[in-house]
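Single-structure report; data block below.
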Amino acid sequence: MSKYLMNKFLYTVDRDPDLVERYREDPRGTVTWWEAEHAGTLLNAIGAEATTHPEFTHEEREALAAHDYVKLFELGAHPFLTLTLFIALFERDYEEPMAFQREYAARLAHFSLPYPDIAT
């Protein structure tokens with residue numbers, strides 16, 4: 001499992017409004033495209049540097065493609081990265097302020113300390 005790669009996906013998609021929309025509309029296609037095109041690049045790298053984590057595990061890929069932030073948390077995705085990206089993806093679908101954030105907290109409420117390891 002590569003928590004680094006999973007978190008890198010969450011981080012880079014969240015920082016690009018076009019990628020957020022692409023991921024919202026076509027999650028599986030976006031994950032497949034991103035993995036093929038960007039997984040091997042270093043985060044914020046200039047030039048041709050590359051990393052040796054070129055692909056997600058099957059479990060990571062499926063959780064990302066399903067927008068399954070509970071599973072991503074179980075796999076060790078950083079909770080701030082999942083929360084900020086999924087707010088960008090889904091907050092607009094709720095009428096009440098903070099409704100998505102409350103749903104996020106409720107769906108993760110079954111976790112107790114210590115939380116899954118988020119070290120990369």
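Within the range 75-87, identify whether any single residue is at pLDDT below 90 and over 20 Å from V20 (Cα atoms), and answer yes or no. Yes, because at least one residue in the range 75-87 is at pLDDT below 90 and over 20 Å from V20 (Cα atoms). Pairing each residue of the range 67-95 that is within 13 Å of N7 (Cβ to Cβ) with any residue that is of a type in the set (G, A, S), provided the two are 6+ apart or on different chains, yields C-beta distances under 6 Å for L72/A63.
Among the residues of the range 88-111 satisfying the criterion of being surrounded by 13 or more Cβ atoms within 10 Å (Cβ to Cβ), over 15 Å from V70 (Cβ atoms) and among the hydrophobic types (A, V, I, L, M, F, W, C), which is farthest from the chain's Cα centre (by Cα)?
Narrowing the range 88-111 to residues surrounded by 13 or more Cβ atoms within 10 Å (Cβ to Cβ): 88-91, 94, 99-101, 103-104, 107-108, 111.
Adding the requirement that they be over 15 Å from V70 (Cβ atoms) leaves 88, 91, 94, 99.
Next, only the ones that are among the hydrophobic types (A, V, I, L, M, F, W, C) stay: 88, 99.
Working: A88: 11, A99: 20 Å.
By that ranking, first place goes to A99.
The values are calculated or read from the model by the stated rules, or taken from the named source; none is laboratory data. Note that the structure is a prediction, hence the values are computed from the model and not measured. Positions of Cβ are backbone-derived with ideal geometry, glycine not excepted, and every protein chain shown enters the neighbour counts.
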